[in-house]
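K.L.:
One structure is given below, represented as structure tokens, and several questions about it will come after.
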Number of protein chains: 2
Amino acid sequence: MTMNRQFRLAARPVGLPKATDWQLTEETSAPLKDGEVRVRVLYLSLDPAMRGWMNEGKSYIRPVAIGEVMRAGGVGIVEASNSPHAAVGDYLAGIFGVQQYWTGPVDAKAAAAMKIDPTLAPLPAWLNVLGMPGMTAYFGLTDIGQPKAGETVVVSAAAGAVGMTVGQVAKQLGCRVVGIAGGPDKCRYVVEELGFDACIDYKAGPVAAGLKEHCPQGVDVYFDNVGGDILDAVLARINLKARIVICGAISQYNNTTPVRGPANYLALLVNRARMEGMVVFDYAARYPEAVQRLGAWLQAGSIKSREHVVDGFEHFPDALTMLFEGKNFGKLVLKVADAP
Amino acid sequence: MTMNRQFRLAARPVGLPKATDWQLTEETSAPLKDGEVRVRVLYLSLDPAMRGWMNEGKSYIRPVAIGEVMRAGGVGIVEASNSPHAAVGDYLAGIFGVQQYWTGPVDAKAAAAMKIDPTLAPLPAWLNVLGMPGMTAYFGLTDIGQPKAGETVVVSAAAGAVGMTVGQVAKQLGCRVVGIAGGPDKCRYVVEELGFDACIDYKAGPVAAGLKEHCPQGVDVYFDNVGGDILDAVLARINLKARIVICGAISQYNNTTPVRGPANYLALLVNRARMEGMVVFDYAARYPEAVQRLGAWLQAGSIKSREHVVDGFEHFPDALTMLFEGKNFGKLVLKVADAP
């Protein structure tokens, strides 16, 4: 009999999620059905998108219901198995939820949880470069942004999980890469450690001036994770036939006032440019392609994975809030248990 | 010696252009150089885009300078020719400017002025379905919007020059077509005369309710001529993989306050949809293809061309203002002289 603790959504947040929006519950895990496994969750991924899942209303994925275990991706180890497709001791990644144990099916198609190879990269990297953020970065950049060698790629939230991989992949593809991030530490990191050509500190001055300085040839691809003023500043510098990837809008997620649209959107008209949304789940069938390519770059040392690990399941609510306050540095990951 | 009258830009307008923003001048036409022709202008095209050309600053085309003859498309007849590529009596279309006579080169590539066939359609139609608005509608819809038979296409300013052709072409391509226009007369016209499936009167009530009623399957292609609230209302109803063609934003052109961006732009993310700008001049090499296809539809009676003709060169300033007040009904054309 396994005791399992969970964070469930207690109330729909107004603005930034607060402690009372969560309920910490404890229950006994149900016995395994045919085809099911029990996974001990080791790491959970904390992502800006989680804020959207807490809202009511139509979106690209159904909202988390009140009383439901909060949705989250994670990696873990199989402790018990009734499935021919996973053995005890296998490592799995899946949407395990904010809980200590996940019980669910593992089938041949790996629909709910897929096996991962912990020798290719450390476990937290499977929630980062080799996980959803990496998939988002890879397909958003290559499939929607379509950068060509020599073009200028700008990415916001550059030190965040998605942004750092966007920029590193763009460098691998031969682009000039300019990040936008908050604070000198993050900016120094993406330039000195990750090899970006430049990084604009949006807290230090107007982004427009930074773009003018660091994108002398204009902007061909903008990978937008933030929306708001920064999106407008980039729109003012785009080139003919520029591609803007709308991946997120973290500046707007906790708004209690209406979202502010990009006032400079007519730059799309003047420049015959494109703004297009992307949702990573659409690329599920192609994840192995990205894992292979990103994994090879990782092993060759051409790109890096950096995680910000918060230790302790019970710190979930505070850790999530760090995301929206820009306090994490690297992909934010919650450590739930030690790997055996 | 030919006396030529011209409207020149006297001042950059703030908001709606007013009488004092223009200067009416008169001068003798210069003698013809080698390769040049003199065209007597018969009709001039009045277009929302002209408002943009009056502003200073970088755009898809250089601004009209203070003191320069206002830029405008027109059709006319050759009265004198020093070019082997045009004979006296030929009809030409070109960017002739707001003046009674145009003097300029006609070369083999028809770069500045191209010959038109007045037996294919009446002269004003060469400024409408077979002119810039028709080219804009045809390439914006087919190349950027890419509608498939059975999809729902929404077009704003539906009774305007571009909108009426967008909707009629979309019907020819097998789409459900819903217009948005101001007032019952325009709405009745696009449905009863042009064959749109429905038209929403934005002056009669919320556009959102009309879209809900008339687009039960959502919106696959939106051809936007207006921006503002209407763009936001359509964004709230788009389907997965929808295409939004940004062709213009007449609601914003005379703003003295900043342009309001589309607050619902994150619908692009949720729906993996695309918003893309288009400028008709990019398709210049393909105009003959569109003239042929639209001309055939016109002659077969499958599509219609409707012009609103204001008679008299001297009425140019007031006629232009009609555009921004929604007072024209059909493509607005200024008649400068009778065809011989």
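K.L.:
Output the residues belonging to the range B:238-266 that are more than 8 Å from chain A (Cβ to nearest Cβ) and modelled with pLDDT of 90 or more.
P.N.:
B:238, B:239, B:240, B:241, B:242, B:243, B:244, B:245
K.L.:
Answer yes if at least one residue in the range B:121-143 is part of a loop (DSSP other than H, G, I, E, B), in the same structural domain as residue B:323 (by TED's automatic domain parsing) and surrounded by fewer than 23 Cβ atoms within 10 Å (Cβ to Cβ), and no otherwise.
P.N.:
Yes.
K.L.:
Check the range B:45-65 and report whether any residue there is β-branched (Val, Ile, Thr), in contact (Cβ under 8 Å) with a residue 12 or more places away in the chain and under 17 Å from residue B:21 (Cα atoms). Full working, then the answer.
P.N.:
Here is the first cut: in the range B:45-65, the ones β-branched (Val, Ile, Thr) are B:61, B:64.
The next check asks that each one be in contact (Cβ under 8 Å) with a residue 12 or more places away in the chain; those that pass are B:61, B:64.
Keeping just the survivors that are under 17 Å from residue B:21 (Cα atoms) gives B:64.
For the range B:45-65, residues β-branched (Val, Ile, Thr), in contact (Cβ under 8 Å) with a residue 12 or more places away in the chain and under 17 Å from residue B:21 (Cα atoms): present.
K.L.:
Evaluate the following for residue B:221: is it in a strand (DSSP E or B), closer than 18 Å to residue B:178 by Cβ and in contact (Cβ under 8 Å) with a residue 12 or more places away in the chain?
P.N.:
Judged against the criteria, residue B:221 is a match.
K.L.:
Something else: Would you mind finding the one in A:190, A:162, A:177 that is in contact (Cβ under 8 Å) with a residue 12 or more places away in the chain, assigned by TED's automatic domain parsing to the domain that holds residue A:211, in a strand (DSSP E or B) and of a type in the set (A, V, I, L, M, F, W, C)? Steps first, please.
P.N.:
Working: A:190 fails: in a strand (DSSP E or B); A:162 fails: in a strand (DSSP E or B).
Residue meeting the stated conditions: A:177.
K.L.:
Here is a further query. Report yes if some residue within the range A:225-234 is surrounded by fewer than 19 Cβ atoms within 10 Å (Cβ to Cβ), more than 24 Å from residue A:159 (Cβ to Cβ) and not hydroxyl-bearing (Ser, Thr, Tyr); otherwise report no.
P.N.:
Within the range A:225-234 (the criterion being surrounded by fewer than 19 Cβ atoms within 10 Å (Cβ to Cβ), more than 24 Å from residue A:159 (Cβ to Cβ) and not hydroxyl-bearing (Ser, Thr, Tyr)), the answer is no, since none of the residues qualifies.
K.L.:
Then there's this: Being at positive phi and modelled with pLDDT under 95 narrows it down to one of A:182, A:174, A:227, so name that one.
P.N.:
Going through A:182, A:174, A:227 in turn, just one is at positive phi and modelled with pLDDT under 95: A:227.
K.L.:
I need the full set of residues from the range B:41-57 which are within 14 Å of another protein chain (Cβ to nearest Cβ) and of a type in the set (A, V, I, L, M), in order please.
P.N.:
Matches in the range B:41-57: B:49 only.
K.L.:
Going by the structure shown, is residue A:194 farther than 11 Å from residue A:154 by Cβ and within 22 Å of the chain's Cα centre (by Cα)?
P.N.:
yes
K.L.:
Is there a residue being assigned by TED's automatic domain parsing to the domain that holds residue A:123, under 28 Å from residue A:79 (Cβ atoms) and assigned to a loop (DSSP other than H, G, I, E, B) anywhere in the range A:312-331?
P.N.:
Yes, there is a match, as at least one residue in the range A:312-331 is assigned by TED's automatic domain parsing to the domain that holds residue A:123, under 28 Å from residue A:79 (Cβ atoms) and assigned to a loop (DSSP other than H, G, I, E, B).
K.L.:
Can I ask one more? For the range B:112-122, indicate whether the set of residues that are touching a residue at least 40 places away in the same chain (Cβ under 8 Å), at negative phi, touching a Lys or Arg at 6+ places or on another chain (Cβ under 8 Å) and among the aliphatic types (A, V, I, L, M) is non-empty.
P.N.:
No - not one qualifying residue is present in the range B:112-122.
K.L.:
Next question. For the range A:179-193, indicate whether the set of residues that are buried (at least 16 other Cβ atoms within 10 Å of the Cβ) and either within 14 Å of chain B (Cβ to nearest Cβ) or basic (Lys, Arg) (or both) is non-empty.
P.N.:
In the first step, residues of the range A:179-193 are kept if they are buried (at least 16 other Cβ atoms within 10 Å of the Cβ); the result is A:179-182, A:186-187, A:189-191.
Checking which are either within 14 Å of chain B (Cβ to nearest Cβ) or basic (Lys, Arg) (or both) leaves us with A:186.
Looking for residues that are buried (at least 16 other Cβ atoms within 10 Å of the Cβ) and either within 14 Å of chain B (Cβ to nearest Cβ) or basic (Lys, Arg) (or both), one finds at least one in the range A:179-193, hence yes.
K.L.:
Tally time: how many residues in the range A:75-88 are small (Gly, Ala, Ser) and within 10 Å of residue A:40 (Cα to Cα)?
P.N.:
Qualifying residue count for the region: 2.
K.L.:
Against the condition surrounded by 22 or more Cβ atoms within 10 Å (Cβ to Cβ) and either not polar (S, T, N, Q) or not in a strand (DSSP E or B) (or both), how does residue A:149 come out, does it pass?
P.N.:
no
K.L.:
Sticking with this one: Looking for something in contact with an Asp or Glu (Cβ under 7 Å, 6 or more places away or on another chain) and crowded, with 20+ Cβ neighbours inside 10 Å - is there at least one such residue anywhere in the range A:82-90?
P.N.:
yes
K.L.:
Go through A:19, A:86, A:93 for me and flag whichever is among the small types (Gly, Ala, Ser), more than 14 Å from chain B (Cβ to nearest Cβ) and closer than 24 Å to residue A:282 by Cα.
P.N.:
Just a single option satisfies the conditions, and that option is A:93.
K.L.:
Can you tell me which of (1) over 20 Å from the mean Cα position of the chain (by Cα); (2) assigned to a helix (DSSP H, G or I) is the one residue A:204 doesn't meet?
P.N.:
The number of the failed condition is (2).
K.L.:
Out of all the residues in the range B:58-68, is one or more surrounded by fewer than 19 Cβ atoms within 10 Å (Cβ to Cβ), touching an Asp or Glu at 6+ places or on another chain (Cβ under 8 Å), within 14 Å of chain A (Cβ to nearest Cβ) and assigned to a loop (DSSP other than H, G, I, E, B)?
P.N.:
Step one: of the range B:58-68, the residues surrounded by fewer than 19 Cβ atoms within 10 Å (Cβ to Cβ) are B:58-63, B:65-68.
With touching an Asp or Glu at 6+ places or on another chain (Cβ under 8 Å) added as a condition, the list becomes B:63.
Filter once more, so that each one left must be within 14 Å of chain A (Cβ to nearest Cβ): B:63.
In the following step, the residues that additionally are assigned to a loop (DSSP other than H, G, I, E, B) were identified as B:63.
Yes, the range B:58-68 contains at least one residue that is surrounded by fewer than 19 Cβ atoms within 10 Å (Cβ to Cβ), touching an Asp or Glu at 6+ places or on another chain (Cβ under 8 Å), within 14 Å of chain A (Cβ to nearest Cβ) and assigned to a loop (DSSP other than H, G, I, E, B).
K.L.:
Then there is this: Assess whether residue A:218 counts as being surrounded by 24 or more Cβ atoms within 10 Å (Cβ to Cβ) and under 19 Å from residue A:274 (Cα atoms).
P.N.:
no
Okay, residues lined up against (1) over 17 Å from residue A:321 (Cα atoms); (2) assigned to a loop (DSSP other than H, G, I, E, B):
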position: A:8; (1), (2): no, no
position: A:26; (1), (2): yes, no
position: A:31; (1), (2): yes, yes
position: A:34; (1), (2): yes, yes
position: A:51; (1), (2): no, no
position: A:78; (1), (2): yes, no
position: A:89; (1), (2): yes, yes
position: A:96; (1), (2): yes, yes
position: A:103; (1), (2): yes, no
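K.L.:
Residue B:272: over 17 Å from residue B:156 (Cβ atoms), touching a helix residue (DSSP H, G or I) at 6+ places or on another chain (Cβ under 7 Å) and either among the aliphatic types (A, V, I, L, M) or not in a helix (DSSP H, G or I) (or both), yes or no?
P.N.:
Here the answer is yes, as residue B:272 does meet what is asked.
K.L.:
I'm checking my understanding of the structure. Among residues of the range A:155-172 that are out of contact with any Asp or Glu (no Cβ under 9 Å at 6 or more places or on another chain) and over 18 Å from residue A:308 (Cβ atoms), which one is surrounded by the fewest Cβ atoms within 10 Å (Cβ to Cβ)?
P.N.:
A:172
K.L.:
Related question: Among the residues of the range A:273-290, which ones are buried (at least 19 other Cβ atoms within 10 Å of the Cβ) and at the interface with chain B (Cβ under 7 Å from one of its Cβ atoms)?
P.N.:
Residues satisfying the conditions are A:273, A:274, A:275, A:276, A:277, A:278, A:279.
K.L.:
If you don't mind, there's one more thing I want to ask. How many residues does the range B:255-306 hold that are farther than 28 Å from residue A:270 by Cβ and touching a residue at least 40 places away in the same chain (Cβ under 8 Å)?
P.N.:
The qualifying residues number 9.
K.L.:
Hey, another quick one. Of all residues in the range A:10-24, count the ones that are in a strand (DSSP E or B) and not aliphatic (A, V, I, L, M). Before you say what the answer is, go through the steps one by one.
P.N.:
Filtering the range A:10-24 down to residues in a strand (DSSP E or B) leaves A:22-24.
Imposing the further condition that a residue be not aliphatic (A, V, I, L, M) reduces the set to A:22-23.
Number satisfying all stated conditions: 2.
The values are calculated or read from the model by the stated rules, or taken from the named source; none is laboratory data. Owing to the predicted nature of the structure, the values given are computational and were not obtained by experimental measurement. With ideal geometry, Cβ positions are generated from the backbone for all residues, glycine too; neighbour counts draw on all protein chains shown.
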